Every structure is written in structure tokens, then in C-alpha cells.
1. Of all the residues that make up segment 45-69, how many are assigned to a helix (DSSP H, G or I) and either touching a Lys or Arg at 6+ places or on another chain (Cβ under 8 Å) or without any contact (Cβ under 8 Å) to a residue 60 or more places away in the chain (or both)?
2. So for segment 20-30 (the condition being of a type outside the set (A, V, I, L, M, F, W, C) and part of a strand (DSSP E or B)), does at least one residue qualify?
3. Identify, please: which residue in segment 45-85 is loosely packed, with under 15 Cβ neighbours inside 10 Å and aliphatic (A, V, I, L, M) and is, among those, farthest from V148 (Cα to Cα)?
4. Answer yes if at least one residue in segment 47-70 is out of contact with any helix residue (DSSP H, G or I) (no Cβ under 6 Å at 6 or more places or on another chain) and among the aromatic types (F, W, Y), and no otherwise.
5. With P125, P140 as the choices, which residue is open to solvent by less than 90 Å² (accessible area, probe 1.4 Å), modelled with pLDDT of 95 or more and over 24 Å from F46 (Cβ atoms)?
6. Identify all residues within segment 149-173 that are touching a residue at least 40 places away in the same chain (Cβ under 8 Å), in a strand (DSSP E or B) and open to solvent by less than 70 Å² (accessible area, probe 1.4 Å); write none if there are none.
7. Residues A104, A94: which one is of a type in the set (A, V, I, L, M) and either out of contact with any Phe, Trp or Tyr (no Cβ under 7 Å at 6 or more places or on another chain) or loosely packed, with under 14 Cβ neighbours inside 10 Å (or both)?
8. From the residues in segment 128-137 that are of a type outside the set (S, T, Y) and out of contact with any helix residue (DSSP H, G or I) (no Cβ under 9 Å at 6 or more places or on another chain), which one is surrounded by the most Cβ atoms within 10 Å (Cβ to Cβ)?
Amino acid sequence: MRLFTGISVPETYKLKLQGIVDTWKNRFKSRLSWTKKGNYHLTLKFLGEVDEDRLPHIKAALNRINFHPAWLKGGQAGYFAGRNGIRVLWLGLAGETDAINSWAEDIEDEFYKLGFSKENRSFHPHLTLARVKRFYAQDPWSEFREYVSGLEWPEFKVQRINLWQSKLTPHGPVYQLVHSVEA
């Protein structure tokens, strides 16, 4: 089973993010795979393919994470670039990000004890808006970033860390909640 841990976002965010997609999806020549409305989340740790018999240990590790509620809100938009140009468009998260970074670090440590490798890159709290499948430099990348960064985002309280199974389908991933831990 393909697993990851993360934080859900409120319905108001899902609707507003879908509005961004509807506004911008036809303005790019690049081939973009936009995140589906129901799939917006903040990933804390991607575990990948995991044997189902490891699930009790993964749940126990997640249960050991000590966290308290924290407040987040949408912040600046940006993108991750690769050798061939932009590869991911995202909305950064602001607010009590030190708490979120600490949770991500604790999750890394707990899962490392279970044999999962640690991330090579630093944690950057964000919501993925789209993955770039084919990049054209002439697209309105900076205008998109300015537009999304200029939007007002309400604060939301994070009180739960989730473990999801990601089932890959021809129409994109489908997420199923496997376990959650309350603050």
C-alpha cells in the first residue's frame, strides 16, 4: 500500500483553490496536472509503497508524535524548479510553521527508526496546486505566483495528523484515510 502522512485543509481552502484552477487552467501552454479539489493537503512525510504488515508499527509511530494544535493560513505562492524548468506550483503556508516543522521532524525521526529513509531536502510547508508534466518557459509563471500570493486566506486550526493511503488510478490519486492522531 502507498502511504503518506499529512494535514487536511478546510473546505473553504478546497473551494478557493479550485477557483484558482478554474481561473488559470487555460492560460498555460505547459501541460499541468492540477490537484483535484478533494486532494489538497499538507504532506508531512511520504512513505511510498509499504507492506501492509508494517501498518501497526506505522500507526504506533504516528501515535508517539507529541503535538499541540497550531494555526496556519495560506501565504506566498511559488514553485519548485528542476533541471528542465518548473515542476511544481504551490501555495506556501504561514502562521505557526515552527510547530509544523517540528512535527515533520518528529515524524522523520519516528519513521527512520522503522527503516524509512530521511528526506534529503528541508521541509517546506505547502499545498501542491499543480505538477508540471511539460514545461514552456513563456507561460505566465510570475503572474500566476503574484495572483495567488495576493489572495487573502483565512486561518485554520490544525488538530489532527492523518495517515492516508494513496491509490493511483487513471484519473489521478484517490486518498483513503487509514489512521489519524488528534492533538
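The values are calculated or read from the model by the stated rules, or taken from the named source; none is laboratory data. This structure is a prediction, so every number in the text was calculated from the model and none was measured. Backbone-built Cβ (ideal geometry, glycine too); neighbour counts: all protein chains shown. Heavy atoms of the whole protein, side chains included, go into the accessibility calculation; ligands, DNA and RNA do not. Shrake-Rupley method; radii C 1.70, N 1.55, O 1.52, S 1.80 Å.
1. Filtering segment 45-69 for residues assigned to a helix (DSSP H, G or I) gives 52-63.
Filter once more, keeping what is either touching a Lys or Arg at 6+ places or on another chain (Cβ under 8 Å) or without any contact (Cβ under 8 Å) to a residue 60 or more places away in the chain (or both): 52-53, 56-57, 60-61.
Of the residues in that region, 6 qualify.
2. No, that holds for no residue.
3. A60
4. Within segment 47-70 (the criterion being out of contact with any helix residue (DSSP H, G or I) (no Cβ under 6 Å at 6 or more places or on another chain) and among the aromatic types (F, W, Y)), the answer is no, since none of the residues qualifies.
5. P140
6. Passing the criteria: F156, V158, I161, N162, L163, W164, Q165, S166, G172, P173.
7. Values: A104 fails: either out of contact with any Phe, Trp or Tyr (no Cβ under 7 Å at 6 or more places or on another chain) or loosely packed, with under 14 Cβ neighbours inside 10 Å (or both).
Criteria check complete, one pass: A94.
8. We begin by selecting, within segment 128-137, every residue of a type outside the set (S, T, Y); these are 129-135, 137.
Narrowing the set further to residues that are out of contact with any helix residue (DSSP H, G or I) (no Cβ under 9 Å at 6 or more places or on another chain) leaves 131-135, 137.
Details: R131: 15, V132: 23, K133: 10, R134: 11, F135: 18, A137: 9.
By that ranking, first place goes to V132.
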